[in-house]
1. I'm trying to understand the selection: among the residues of region A:444-468, which are surrounded by fewer than 19 Cβ atoms within 10 Å (Cβ to Cβ) and more than 9 Å from every other protein chain (Cβ to nearest Cβ)?
2. Kindly list the number of the only condition in (1) of a type in the set (Gly, Ala, Ser); (2) surrounded by fewer than 16 Cβ atoms within 10 Å (Cβ to Cβ); (3) not in a helix (DSSP H, G or I) that fails for residue A:420.
3. For region B:21-45, which residues satisfy the criterion of being open to solvent by less than 80 Å² (accessible area, probe 1.4 Å) and among the aliphatic types (A, V, I, L, M)?
4. If a residue has to be open to solvent by 10 Å² or more (accessible area, probe 1.4 Å), modelled with pLDDT of 80 or more and in a helix (DSSP H, G or I) to count, how many in region A:172-188 make the cut?
5. What number of residues in region A:477-491 are outside any helix (DSSP H, G or I) and surrounded by fewer than 20 Cβ atoms within 10 Å (Cβ to Cβ)?
6. Of all residues in region A:397-448, count the ones that are at pLDDT below 90, over 27 Å from residue A:343 (Cβ atoms) and hydroxyl-bearing (Ser, Thr, Tyr).
7. Among the residues of region A:440-454, write down those that are more than 20 Å from residue A:413 (Cβ to Cβ) and out of contact with any Leu (no Cβ under 7 Å at 6 or more places or on another chain).
Amino acid sequence: MSKLDNLLIKTFSIEQRQSKTGMLVIFFDKFIKIVKNFLIFLIIPMINDFDIVFFIITILITALITAVITFIDFKYFTFQFDFDKNDFIIKKGFFKKTKLSVPLSKIQQINLNQNFIHKILNLYEIQMDTAGSDSKEVSIKAVDKNIALDIKKFTDFLKNNDSKIEIKKTINVDELEIDFFTLIKIGLTSRYFQTLGFIVALFFGALEYLNALNINIIPSFSSFIKSGNFGFVAILIYTVIIIFAVFSSNLISTVIKFYRFSAKKLNNNLTLSYGLISSKTILMSPNKVQVFSYTQNWIQNKIDLCNIVIYQASSSISTSSEKSNDGSKVYIPGANSFDRKKIFQFIYKSNDKNEILIKPNIRKFFVNLFLIGILPSAIFFTLNYFFNFFETINYLVIQLIFIMFSFLISYRLYKNSFLSVSENFIKVQSGFWDIKTRIIEIHKIQSIVIDQDIWYKRLNLADLTICTAGGMIRFSFIDFNKLKLITDNLIYKVELSNRSWM
Amino acid sequence: MKNSFTNNKILKENIPQVEQVELSKIEDKYIFIMLINRTIWFIISFIGCVIISNIEILDNYSIAIYISFIVLFILIFSFTRISFQKKKYAFRDHDLIYSSGVIFTSTTIIPYNRIQHLAIHQSFISRIFDLSSIQFYTAGGSYTDISIKGLSKEDAEKWKEFVSAKIEKLKK
């Protein structure tokens with residue numbers, strides 16, 4: 001190693017503190033967290049009689065307590081490398097002392113994050129994701145830019161233990177950048193249904209909240225529905241408003257989240273960085289990848305763009321909390337088919353191709369039609385029969401449109417779904433608008449579940465579920481003979497393979 | 001169609017088949033534990049039922065609630081025996097298989113080289129009958145973890161040794 005490296009080794013062998021200006025970051029972090037948690041207790045008594053003096057005193061006391069906690073936290077938080085054991089060590093705590101040592105080989109990815117305050121002070125938050133049941137997520141709240149980059153370099157270096165030739169390779173980096181225009185395109189074409197659902201949920205959540213605060217707008221809302229304002233123009237206006245809300249919120253969130261997205265090959269890893277308000281840097285190593293998935297809808301197919309999501313092995317599956325699970329997902333928005341192939345090639349060192357294609361049984365269509373179309377229609381009919389929400393004419397029109405849509409959805413769900421097996425990969429595609437394709441390397445399979453309901457036994461049909469450390473994929477209504485053959489072969493390959501799944 | 005499917009080189013036909021494996025049943029005594037568990041559930045949900053039918057709005061429907069509740073439990077109890085017979089397991093050379101379920105039959109296969117760790121559990125009731133359960137964990141999440149209940153204590157220990165030895169051997 002060079003001289004510089006020796007100097008770095010010396011620095012990191014002894015305990016390091018976080019950056020002093022970083023105390024501000026920790027302070028605001030804690031302050032916001034405390035305010036968030038106790039906000040409801042503050043607001044409710046204040047709605048009726050607002051006392052500015054009391055308010056300021058509360059804020060000041062909270063700030064003072066936070067400051068003391070911040071100082072203790074800062075003083076008793078150190079990190080260092082143990083170069084003998086190849087461990088990264090964090091010591092923290094004043095009352096309850098904790099010593100965390102993470103073997104470098106267990107570190108799955110290192111994320112450098114910046115929120116607003118980090119950006120002003122030119123600091124970084126370091127997050128290390130580890131996999132395995134005995135691990136905890138390691139994070140250092142605020143360090144200088146140089147130290148952050150050094151740590152990243154170090155862990156990369158020690159983890160791979162590759163020769164210098166490998167590092168030289170980084171000069172001819174393969175880069176993928178997603179420009180602003182592509183982000184706009186992808187923002188306008190993705191996630192229609194998710195955002196729509198989110199907006200509806202938000203709307204009802206807000207109603208509930210206002211109701212809890214005794215600001216009652218529900219009567220006016222329901223009287224608005226009952227007043228029969230369901231004319232053609234009204235419906236048109238509401239639809240336009242909703243569509244506008246979906247488009248704009250999609251566009252804004254995509255641009256903010258993925259602004260200046262770039263992906264670079266670095267040694268054997270892929271480094272991704274993006275973000276407008278809080279920028280993120282993620283290091284992803286290909287052998288930790290469990291599921292490679294991409295989504296493309298009809299419009300995106302025409303303009304040749306897709307959203308790639310890469311699922312990595314995560315320790316958080318068993319606890320399955322939504323937030324930490326997100327850390328093991330890597331998003332690549334707006335890749336064209338060439339980029340997609342390049343990334344796939346980089347991760348798996350091979351191409352994806354369909355070799356044996358299996359379509360689901362036609363019963364998938366009928367079951368979906370029953371669940372999506374006929375069952376809700378029957379409920380709707382019964383309710384309308386007893387409570388008379390709509391006049392007969394209106395009812396018939398709504399019912400007809402609904403049945404047509406459910407027919408279309410069920411048909412597309414059936415038409416778009418297939419399973420394909422090749423020498424090293426298994427691939428499943430599904431969806432009616434956003435068509436999702438998921439690819440798993442066969443030796444990364446953890447276990448296989450075959451489900452067969454009693455009424456499918458006679459039809460000789462069954463469902464297949466394939467589990468990996470990064471999530472599972474399911475494919476229903478397969479011919480049981482084919483399914484048995486596939487299962488036997490998959491299991492056989494997993495057992496024969498010496499390659500590690502992580 | 002079928003010929004072109006099976007002749008492909010990717011899917012081999014002369015390999016071990018899950019279908020042909022003779023699955024073994026769990027200990028007969030386990031049916032008593034199943035009955036006890038169902039009785040406990042019966043008592044708990046009966047209390048729930050009493051509370052629900054005392055709610056004012058549902059006062060008129062209380063008979064219907066009780067009848068549907070009792071019908072449901074008669075069904076559940078009468079399924080006990082079939083459900084017991086459906087619980088089967090097998091340890092092969094390279095993997096283990098567990099299958100269960102009356103209406104929704106599911107068969108799980110875990111290769112030994114994907115098992116993270118395993119554990120033997122013994123609950124209070126199963127201690128009376130001298131039974132144990134053995135659970136296998138993978139990195140694939142709790143959905144596919146196999147838990148074979150109703151093994152005799154010796155069998156559970158025996159299989160634990162067997163699988164542990166397999167895992168050790170594969171590590172080398």
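1. Matches in region A:444-468: A:458, A:459, A:460.
2. In the conditions (1) of a type in the set (Gly, Ala, Ser); (2) surrounded by fewer than 16 Cβ atoms within 10 Å (Cβ to Cβ); (3) not in a helix (DSSP H, G or I), residue A:420 misses (2) alone.
3. Scanning region B:21-45 gives B:21, B:23, B:26, B:31, B:33, B:34, B:35, B:36, B:40.
4. Here the count works out to 6.
5. Keep residues of region A:477-491 that are outside any helix (DSSP H, G or I), which gives A:477-479.
Filter once more, so that each one left must be surrounded by fewer than 20 Cβ atoms within 10 Å (Cβ to Cβ): A:479.
Final tally of qualifying residues: 1.
6. Selection size over region A:397-448: 0.
7. So the first thing to find is which residues in region A:440-454 are more than 20 Å from residue A:413 (Cβ to Cβ), and the list is A:440-450, A:452, A:454.
Result: A:440, A:441, A:443, A:444, A:446, A:447, A:449, A:452, A:454.
Yes/no matrix, rows are residues, columns are (1) more than 14 Å from chain B (Cβ to nearest Cβ); (2) among the β-branched types (Val, Ile, Thr):
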site	(1), (2)
A:362	yes, yes
A:370	yes, no
A:374	yes, yes
A:383	yes, no
A:388	yes, no
A:391	yes, no
A:397	yes, yes
A:418	no, no
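The values are calculated or read from the model by the stated rules, or taken from the named source; none is laboratory data. From a predicted model like this one, the values you see are computed outputs, not experimental measurements. A quick note on method: Cβ atoms are made from the backbone with ideal geometry, for glycine too, and the neighbour counts reach across all protein chains shown. Keep in mind that these areas ignore ligands, DNA and RNA; they rest on the heavy atoms of the full protein, side chains included. Shrake-Rupley method; radii C 1.70, N 1.55, O 1.52, S 1.80 Å.
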